[in-house]
There are 2 protein chains.
Amino acid sequence: MTAEAKPAPSQLTERQEARRRRILHASAQLASRGGFDAVQMREVAENSGVALGTLYRYFPSKVHLLVATMQDQLQQMHETLRKRPPTEAEPATRVAQTLMRAFRALQREPQLADAMVRALTFADRSVSPEVDTVSRLTTAIILDAMGLSDPPTGEQLSAVRVIEHTWHSALITWLSGRASIAQVKIDIETVCRLIDLTAPRD
Amino acid sequence: MTAEAKPAPSQLTERQEARRRRILHASAQLASRGGFDAVQMREVAENSGVALGTLYRYFPSKVHLLVATMQDQLQQMHETLRKRPPTEAEPATRVAQTLMRAFRALQREPQLADAMVRALTFADRSVSPEVDTVSRLTTAIILDAMGLSDPPTGEQLSAVRVIEHTWHSALITWLSGRASIAQVKIDIETVCRLIDLTAPRD
DNA sequence: CGTTAGCCTGGAACGAGTTTCAGTGACTCG
DNA sequence: CGAGTCACTGAAACTCGTTCCAGGCTAACG
């Protein structure tokens, strides 16, 4: 056994880390162009200068790849949001504002958003850990936006989960052209009211 | 032009209607066994005694087929629920009760649920009309459960949309093993609180 | 410096969704 | 009855995700 175990995705050669980044970059680029369908494994492999087999060693399926891409993008968004926190006073409004900001970012790359969100909801059990990571990231973003002074109560966590549900599903309806941007805004604002409802009383 | 136009899905020969039903039945049966992946177009065609090309004439893609299957199942559920309306007094509780009842029905056929829900969220723009039908059915079920005496206000419709979002997304997290049944219950009860919040004041 | 293990490459091969088409059958109109 | 039309059949073909394999490269170890 070598000194370094490899279960964690962190323990990678520099070359390997570079490969991984190239793959994610190619994935995002193709997705930006044509959405989910345009991310073709052969093409991702070619564009990132890697053999098909290698691509599959890094990401065991197209869905894994796209979920990882989403993880990557979310991470960046989290950074950005951290730098410019929401300006509103009320937690509910802050969360709504933050989510709408994120939503506008997605609007700029609708095809990429399509690919990532479709992958996320299409993911089966084999991708659960990765999807869970995305979910935790989203939760973190929302909790940040709430700006709580105390750790969240169970009730508040429930509210946050429901907000996440709404966020994902609203995104889908928008991406599939069944809801307008205004509609999404209303839905988000509506669900954010749950935050007031679950605020500790005293 | 023949007397019967064919744009509506209603205008079908008896033989055609029968074929359609056979196809939907085969689809649901295969889905019940092995979920989304087990619904293989060739097999659906064979099991319903129809050529592959014909299957594709009736349902232009696997997703279309499964969304139609869901439509079918939802319709049945709507009937059932109509016969035994929720017993609770409060609208919010009635809705939660109804959704949990539907949820338990899905638990009995988890694989079928998996196939239908995955198809629903994976559907792209080309399936929008069909997905929309499913959405309207769901809305109808929820509104029924609310048992309003007056037509719903805009605010209430927003709340219903958010409930639907939560319902779909919670279902997905449960199907992919990332949330327990108890978790789903809590989420549904949480989001149903929005109903109280949006009830007309006087 | 040679050896060995592990990763990577190129490419073939397989499976399932989707498309296509020539031929067949049934029904309608003349 | 004959011709035309349209849906259905059977089967081949195409695409793209995924799997597999044989050989080459790298890097640490002896």
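Each reported figure results from applying straightforward, stated rules to the coordinates on display, with no laboratory input. These figures come from a predicted structure and were not determined experimentally. Positions of Cβ are backbone-derived with ideal geometry, glycine not excepted, and every protein chain shown enters the neighbour counts.
Peptide A:177-183 is shielded by partner chain Cβ atoms: per residue, an average of 3 of them sit within 10 Å of its Cβ.
Positive end of the dipole of chain A (Cβ unit charges, origin at the Cα centre): among A:Ala119, A:His168, A:Gln29, the Cα lying farthest that way belongs to A:Gln29.
A Förster radius of 25 Å combined with the Cβ-Cβ distance from A:Glu90 to B:Glu90 puts the calculated FRET efficiency at roughly 0.40.
Remark: A:Ile163, A:Ile23 ranked as A:Ile23, A:Ile163, counting other beta-carbon atoms within 10 Å and listing the fewest first.
Simple point charges give the picture: +1 on the Cβ of Lys and Arg, -1 on the Cβ of Asp and Glu, and for region B:87-202 a dipole about the Cα centre of about 340 debye. Stretching the chain fully between B:Thr54 and B:Leu197 yields a gain of 46.5 nm (0.36 nm per residue, less the alpha carbon separation).
Specify the angular offset, from 0 to 90 degrees and rounded to the nearest 10, of the alpha carbon long axis of helix B:62-83 from the longest principal axis of the alpha carbons in chain B. Around 50 degrees separate the two axes.
For region B:93-162 and region A:158-189, what is the separation of their Cα centres, given in Å? A separation of 15 Å, based on Cα centres. Work out the FRET efficiency for A:Ala140 and B:Asp150 from their Cβ-Cβ distance, taking R0 = 51 Å, and round it to the nearest 0.05. For A:Ala140 and B:Asp150, the calculated efficiency is 0.80. In terms of other Cβ atoms within 10 Å, A:Ser149, A:Ser32, A:Ser180, A:Ser61 run from fewest to most in the order A:Ser149, A:Ser180, A:Ser61, A:Ser32. Can you give the FRET efficiency to the nearest 0.05 for B:Glu79 and A:Lys83, using r as the Cβ-Cβ distance and R₀ = 60 Å? In this case the efficiency is close to 0.65. Sorting the segments A:104-112, A:183-191 by their residues' average number of neighbouring beta-carbon atoms within 10 angstrom, most packed first, yields A:183-191, A:104-112.
In chain B, the longest principal axis of the Cα atoms and the axis of helix B:154-175 are about 60 degrees apart. Normalised by the number of residues in region B:62-197, the mean separation of alpha-carbon contacts (under 8 Å, six or more apart) gives a relative contact order of 35 percent. Take each residue in B:152-159, count the other chain C-beta atoms within 10 Å of its C-beta, and the mean is 2.
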